[in-house]
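Below is one structure; the comments refer to it alone.
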Amino acid sequence: MRPEPKKRLDTNAAQSARPNLNAAFSGLDLPDLPAGPPPVPIADSPQTLWKMGRVVLRRETAHRGGKTVIVVDEFATHLPASVIEKVAKKVRAACGCGGTVKGRTIEIQGDQASRVRAALEGEGFQVAGVR
């Protein structure tokens, strides 16, 4: 004799049976509470912006066959690697040259400190180092 098959549960039934939380709290009457802040529409909420911080420029030629590179170093610790990579891409485009990201430093090919400085300041960084 075969055992009876298990009953199947409708997975969408649980979602429709979930109560509306706004309706659950709308009947409360608490007169002593202050009014809350007005709701902010999602379209008007400010975007999360990073405070970029300070970076240091260095001019290096060591171990590069005499070629000069500009190294952008000392990024703020709260900036993720993805933000550093996006900044590197914008700096390379502004300078019209190649470069790379190694760890938390950016290396830009060529002696273009003024262009790199202008691009970083345009991104909101405070730039120290090579003039």
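Among the lysines, select those whose C-alpha is under 29 Å from the C-alpha of residue 86, and discard any that sit fewer than 8 residues away in the same chain.
By straight Cα distance, residue 86 reaches 51, 67, 102.
To the nearest 20 debye, what is the magnitude of the charge dipole of segment 54-129 about its Cα centre, counting +1 on the Cβ of each Lys and Arg and -1 on the Cβ of each Asp and Glu?
140
Apply the Kirkwood formula to segment 54-129: the hydrodynamic radius equals the inverse of the mean of 1/r over all pairs of different alpha-carbon atoms; give it in Å with one decimal. Don't skip to the end; give the middle numbers.
Values: mean 1/r = 0.0820 Å⁻¹.
Radius from the Kirkwood sum: 12.2 Å.
Starting from the Cα-Cα distance between residue 126 and residue 28, subtract it from 0.36 nm times their residue separation and give me the gain in nm to one decimal.
Length difference between fully extended and current span is 30.1 nm.
Cross-link partners among aspartates and glutamates for residue 89, C-alpha distance below 19 Å, same-chain residues fewer than 8 apart left out?
Hits, sequence-local ones excluded: 73, 74, 107, 111, 121, 123.
Run the paramagnetic zone check for residue 81: 7 angstrom along Cα to Cβ, then residues of segment 92-115 with backbone nitrogen under 19 Å.
99-108
Would you mind computing Rg(Cα) / (2.2 N^0.38 Å) for segment 87-131, counting N as its residues?
Cα-based Rg divided by the globular estimate yields 1.03.
Bear in mind that the values in this text are calculations on the coordinates, not laboratory data. Everything quoted here is computed from the prediction, not taken from an experiment. Neighbour counts run over all protein chains shown; Cβ positions are idealised from the backbone, glycine included.
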